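Inspection log for the structure reproduced underneath, given as structure tokens.
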Amino acid sequence: MIRVLLAEDQGMVRGALASLLGLEPDIEVVGEAANGAEAVAVAAKVRPDIALLDIEMPVMDGLTAGAEITAQVTGCRVMILTTFGRPGYLRTAMEAGAVAFMVKDSPARELAAAIRRVHAGERVIDPALAAAALSAGPNPLSARERDVLAAAADGSTIGDIARRLHLSEGTVRNYLSSAIQKTHARNRIEAVQRAKAQGWV
């Protein structure tokens, strides 16, 4: 049996995936989690063959959780299953050790087949997304620029961002200005939108 951990913050989606995989004769869902931190804890406890993770989850996102599971649970292979087919997310996931990246609008039968392929040692990546990631190139933003843009996403003032990230207001302005240039945006709102669309933040 291929032992699978499911991490998905939406209970109905998680339940549907568990039911779907439960119909497969060679796949067993041995653990479920509603956020990334819970996924890491459950993976350490049940030691699955495969961790199937959503990206956008509370407490800890799936990309961070995937990197931790890869580091902590020997032999567990990480698959990302997400609504957000963004080139930057694919790159980040692969750099963090994920071996598969699929979008949720893929046909259901492809998921079980992908799990079997990953268990057999293959990588499985949505072809359209792989092509988009190659054409998009690497993330141009530095770690600090990503932090500042992410903090600006909710409309926070320069002062708010500076206090949250323990930076001076001048430093925050410099990072925002650099991020705006690198994303070819007209202002920080547009820079946030463009960075999110690429999966850079």
Computed [θ] at 222 nm, deg cm²/dmol, the chain (DSSP H ≥ 4; -39,500 (n - 2.57); rounded to nearest 500): -16000 deg cm²/dmol
Most to least accessible of Met102, Met94 (protein chains only, probe 1.4 Å): Met94, Met102
Sequence of Val201, Val172 when ordered by accessible area, the most exposed leading, probe 1.4 angstrom: Val201, Val172
Tensor-based shape of the range 6-120 (alpha-carbon gyration tensor, a/c under 1.5 rounded, otherwise prolate or oblate): rounded
Selection from Val40, Leu111, Ala98, by position along the positive dipole direction of the range 35-117 (Cβ): Leu111
Ranking by accessible area, most exposed first, for Thr64, Thr83, Thr183 with a 1.4 Å probe: Thr83, Thr64, Thr183
Shape of the range 71-120, Cα gyration tensor, a/c cut at 1.5: oblate
Reachable lysines, given that their alpha-carbon falls under 24 Å from the alpha-carbon of Lys182 and they are not under 8 places away in the same chain: Lys196
Sequence-distant lysines (8 or more away, or on other chains) whose Cα lies within less than 17 Å of Lys45: none
Solvent-accessible area per residue, Å², over the chain with all protein chains present [probe radius 1.4 Å]: 49 Å²
Carbon and sulfur %, accessible surface of the chain computed with the full protein complex present, 1.4 Å: 53 percent
Lys104 accessible area, assembled protein chains, probe 1.4 Å, Å²: 70 Å²
With Cα atoms, 0 to 90° folded angle of helix 188-198 axis to the chain main axis: 20 degrees
Label-to-label distance, nm, for residues given as Glu110 and Arg144 (7 Å Cα→Cβ offset): 4.1 nm
The chain: C-alpha gyration tensor shape, a/c 1.5 cut-off, then a/b vs b/c: prolate
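The values are calculated or read from the model by the stated rules, or taken from the named source; none is laboratory data. Since the model is a prediction, treat every value here as computed from it, not as a measurement. So basically every Cβ, Gly included, is an ideal-geometry build from the backbone, and we count neighbours across all protein chains shown. Ligands, DNA and RNA are stripped out before the accessible areas are found, and what is left, the full protein with its side chains, is counted by its heavy atoms. Shrake-Rupley method; radii C 1.70, N 1.55, O 1.52, S 1.80 Å.
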